[in-house]
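Working notes for the structure below.
No lab work stands behind these numbers, since they all come straight from the coordinates. Source: prediction; values computed, not measured. Counting neighbours? That spans all protein chains shown, and the Cβs are built from the backbone with ideal geometry, glycine included.
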Amino acid sequence: MGDCTESMLIETAKIYCPYCGENIEIIVDGSIEQQNYTEDCSVCCRPMELSISVTGEEISITARRDDE
């Protein structure tokens, strides 16, 4: 039986919530080059749209309000 596990590069990143402005920590899977998803702020619980781009070891994150 072959090994079908895929290497995941889990990292944490700090971003500012576009609603409340708090500096929060999110978890990013660095093994996926392009990611777009909605995550609630851990402080104000409002939905943020996250766009994440991974290039080599550099991670770029854009957080937008869900109502924009």
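What does the convex hull of the alpha-carbon atoms of the chain project to on average, in nm²?
Computed as one quarter of the Cα hull surface, the answer is 5.5 nm².
May I ask for the net charge around Arg64, where only other residues with Cβ less than 12 Å from the Cβ of Arg64 are counted and Lys, Arg are +1 while Asp, Glu are -1?
Result for the neighbourhood of Arg64: -3.
Can you give the relative contact order of the chain as a percent, counting alpha carbon pairs under 8 Å and 6+ residues apart?
For the chain, the relative contact order is 25 percent.
Can you tally the net charge around Pro47? Count Lys and Arg as +1, Asp and Glu as -1, for every other residue whose Cβ sits under 9 Å from the Cβ of Pro47.
In short, -3.
So if each residue of separation counts as 0.36 nm, and I subtract the Cα-Cα distance between Arg65 and Cys45, what length gain in nm does that give?
Extra length from Arg65 to Cys45 when fully extended: 6.0 nm.
Amide H of Val28: which non-local residues (sequence gap of 5 or more, or other chain) have their own amide H closer than 5 Å, using H built in the peptide plane?
Glu11, Thr12, Ala13
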